[in-house]
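Beneath this line is the structure, given in structure tokens, with notes to follow.
The values are calculated or read from the model by the stated rules, or taken from the named source; none is laboratory data. No experiment lies behind these values; they were computed from the predicted model shown. Using ideal geometry, Cβ is built from the backbone for each residue, glycine included, and neighbour counts are taken over all protein chains shown.
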Amino acid sequence: MANLDNLRITDRELDKITGLDISDTTMGWAYRQTAFQPQNKGVFLSEQILNLCVAAIFCLPITLLLARAISGDSVEAVWRWLPIGVISAIALIFTWTFYRYQAGKHLLTLNHLLDDIDRFNEMVDAVEILEELNTAQKIKAAENNAQPKLETIQPNLENREEVLEALHLTRESLIFALTTEKVMRNHQQFMSRKQEMFSSIERNLATLQLLHKGNEANEYSRLLNEAIQIGTSVHQELRREEGK
């Protein structure tokens, strides 16, 4: 069984290709749409609490200095001004979060491509798990010197080479798409390469559709269909961005 790590699109690759610091919830300073999904609620809230603490450290001393300058050193003045410092910190965090949300809306194409990359990496994980299950089953059968029972047989990955080719083509299309999105985001830089990248994505999508043709309901067909969906989504997103 071949290791499929070289097919995954890693965070380091994403950072290098996009020129931004990419995570599950952010694109540089901008928020991804996934940041507001239920599964990332804990991460988002933790970040907001940390930001609030930092804002409080910044705002409270300034507020207290103003209180001292305006009202003197009385304890009563400090307690009167303290809520203003807290409200200022909350307002600062709200403004910063809203700015990052708005920045994310200007990077919708990149956001959708990153979602497709997450789906692609999940596909690679699924293929690897299937191969691990099948390998473990064969080893167990060999140790028992018998064929595995029908009810214990795991889904088998048929046409393995074609599946790997489909994954490779999909990966290549996604890399091209990220590069094209960066080109369009940076205005006219290297625009001569844009059409070449679009053509490569279209060729890969056509090849995926040929691979899928004639294969019916099995794990191989499902994986190819998922690859085609990702390729089509990539193509549509970039065409939509180009038309803006």
Cross-chain or 6+ apart pairs with Cβ under 7 Å, segment 174-185 first and over 16 Å from Asp11 (Cα atoms), then surrounded by fewer than 17 Cβ atoms within 10 Å (Cβ to Cβ) and aromatic (Phe, Trp, Tyr)
Val183/Phe190
Filter segment 150-173 for residues that are acidic (Asp, Glu) and modelled with pLDDT under 80; the one that is surrounded by the fewest Cβ atoms within 10 Å (Cβ to Cβ) is Glu151
Might you let me know whether segment 49-65 holds any residue that is within 30 Å of His168 (Cα to Cα) and at pLDDT below 90?
no
Of the conditions (1) out of contact with any Phe, Trp or Tyr (no Cβ under 7 Å at 6 or more places or on another chain); (2) in contact (Cβ under 8 Å) with a residue 60 or more places away in the chain; (3) closer than 30 Å to Leu169 by Cα, Tyr31 clears all except one; give me its number.
(1)
Could you list, in sequence order, the residues of segment 200-221 that are modelled with pLDDT of 70 or more and of a type in the set (D, E, K, R)?
Glu202, Arg203
